[in-house]
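Report on the structure given below.
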Amino acid sequence: MRTGKFINMMAWPRGHVLPPMVTIQSGDALLIVDIQKDFLPGGGLAVSCGNDVLPVLLSCISKFESRGLSIFATRDWHPPNHCSFREQGGVWPIHCVADSPGAEPPSSFRLPSSVVIVTKGIAPDTEGYSGFQGTTLNTQLKEAGVRRLFVGGLATDFCVLNTVKDALDLGYQVYLLSDAIRAVNLQPNDSSKAIEAMLQRGAILIQSSQVAN
Ligand code: VGL
Ligand code: ZN
């Protein structure tokens, strides 16, 4: 697939007003979705311009770390016979097979040791797009006293979308980091559709530069 530099940039939703700076505080957590080699250029299920989110997320990590706030990172972690793979009748090329190199984060993306890793998609017969599906993420967030989630990662139209939907349903306030997400875009509008769906359910769209620590 040819990918121009700007092809995967989102259109800012019509009429959406930028909220003021958001100061992170106790009860806030950063939730990083599926930063894994297979979702980056050269990987098994590469998201175009996926690398763009890496420096943005690293700067968010610094902000949350400096305030001593929790950071959670989900990872897609499939068995070799996962139902989402084409060989099994699914729509995706093989990606993020548990313990394979493609399931690892890129070497440039070093996570502090305090980051809580949430492994998902391990059941062979369920998609497992959401970080809440089949995991203890909700319990872990509750135990950490988290009420607001700042979410970025890959991919906007699948795992970010489903994770954010579940987070909102579970009562978390969700800040979606517009410059820290990129979409697969099976259809060209999937990115904007996913963003609209999250906003419609109550997520708040902000740029990472608006996060103040
Ligand atoms: C994802 C497709 C298949 C994602 C995971 O992380 O968004 N997309 N598995
Ligand atoms: Zn997957």
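Bear in mind that the values in this text are calculations on the coordinates, not laboratory data. On a predicted model such as this, the values are computed, not experimentally measured, just so you know. As a convention, Cβ positions derive from the backbone with ideal geometry for all residues, glycine included, and neighbour counts pool all protein chains shown.
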Q. What residue, of Gly42, Gly68, is under 25 Å from Ser191 (Cβ atoms) and free of Cβ contacts under 8 Å to residues at least 24 places away in the same chain?
A. Gly42
Q: Can you give me the number of residues within region 67-99 that are more than 14 Å from ligand 1 (Cβ to nearest atom) and in a loop (DSSP other than H, G, I, E, B)?
A: 7
(Q) With the structure loaded, tell me whether Lys120 is farther than 25 Å from Ser209 by Cα and buried (at least 20 other Cβ atoms within 10 Å of the Cβ) or whether it fails that test. (A) yes
Q.
Exactly one of these conditions fails for Gly131: (1) in contact with an Asp or Glu (Cβ under 9 Å, 6 or more places away or on another chain); (2) more than 16 Å from ligand 2 (Cβ to nearest atom). Give me its number.
A. (2)
Q | Selection within region 13-66 - touching a helix residue (DSSP H, G or I) at 6+ places or on another chain (Cβ under 9 Å), in a loop (DSSP other than H, G, I, E, B) and away from ligand 2 (no atom under 16 Å from the Cβ) | A | Pro13, His16, Leu18, Pro19, Pro20, Met21, Ile24, Pro41
(Q) Regarding region 72-92, can at least one residue be identified that is surrounded by 20 or more Cβ atoms within 10 Å (Cβ to Cβ), under 30 Å from Gly171 (Cα atoms) and more than 16 Å from ligand 2 (Cβ to nearest atom)? (A) yes
